[in-house]
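Enquirer: Structure provided below as structure tokens; questions to follow.
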Amino acid sequence: MTVLASTMLASTAGSVAYYGLAVFLVALGLGSFFMLVKLGQVFGRLSSFVTGTERDLLPVIVKTGGTVDRVNKQLDKADTITDSAVSMADSADTAVRAVSMAIAKPVEKVSGFAAGVAHGVSSFRKNRDFQGAMKDAKDAASRRAADLHEDLTTAGSGTPGV
């Protein structure tokens, strides 16, 4: 017993330090093992999350691409329709202008003739001069035709007359 007691008492500070270091290293190893197990679980969950996201998100992306393609096709159709509508409006405008020009000239002539006859008759009644009445009738007819032409031109251009 004395040998045992003397051996225990004979421990030096160096051997105590080695025992403390051994306990520290064992605790450090166990702590590292615990942390690596937890880190492995985190990576396992992350891998599962990425796989699930990939599985669920790829069909959505494919469907979105199809939807965008269909929308683009419909927009192309709408573009064609609007181009066609613009073309039809231009054609209608051209037709209306042609008809109004075809109608405007005879209307100007008839209106000028009516104004000339009215002024000519009025001048003849007033002065009893046939040559003067003819001159007044021609002047009145040309003025009325020019005024009507100006009115129709101004109305057709969309700008108000002065």
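Enquirer: Going through Ser111, Ser48 one at a time, which residue ends up being within 30 Å of Ala146 (Cβ to Cβ) and either part of a helix (DSSP H, G or I) or at pLDDT 85 or above (or both)?
Expert: Working: Ser48 fails: within 30 Å of Ala146 (Cβ to Cβ).
After ruling out the rest, the residue left standing is Ser111.
Enquirer: Does Ala95 fit the bill of being surrounded by 12 or more Cβ atoms within 10 Å (Cβ to Cβ), assigned to a helix (DSSP H, G or I) and modelled with pLDDT of 80 or more?
Expert: no
Enquirer: Taking region 46-64 as the search range and keeping residues that are of a type outside the set (A, V, I, L, M, F, W, C) and surrounded by 10 or more Cβ atoms within 10 Å (Cβ to Cβ), which one is nearest to the chain's Cα centre (by Cα)?
Expert: Among those residues, the one meeting the criterion is Thr64.
Enquirer: In this structure, does Ala78 turn out to be in contact with a His (Cβ under 9 Å, 6 or more places away or on another chain), in a helix (DSSP H, G or I) and on the phi < 0 side of the Ramachandran plot?
Expert: Numbers: in contact with a His (Cβ under 9 Å, 6 or more places away or on another chain): no; in a helix (DSSP H, G or I): yes; on the phi < 0 side of the Ramachandran plot: yes.
In short, no.
The values are calculated or read from the model by the stated rules, or taken from the named source; none is laboratory data. Because the structure is predicted, anything quoted here is derived from the model rather than measured. Don't worry about glycine lacking a Cβ; one is built from the backbone with ideal geometry, like all the others, and counts go over all protein chains shown.
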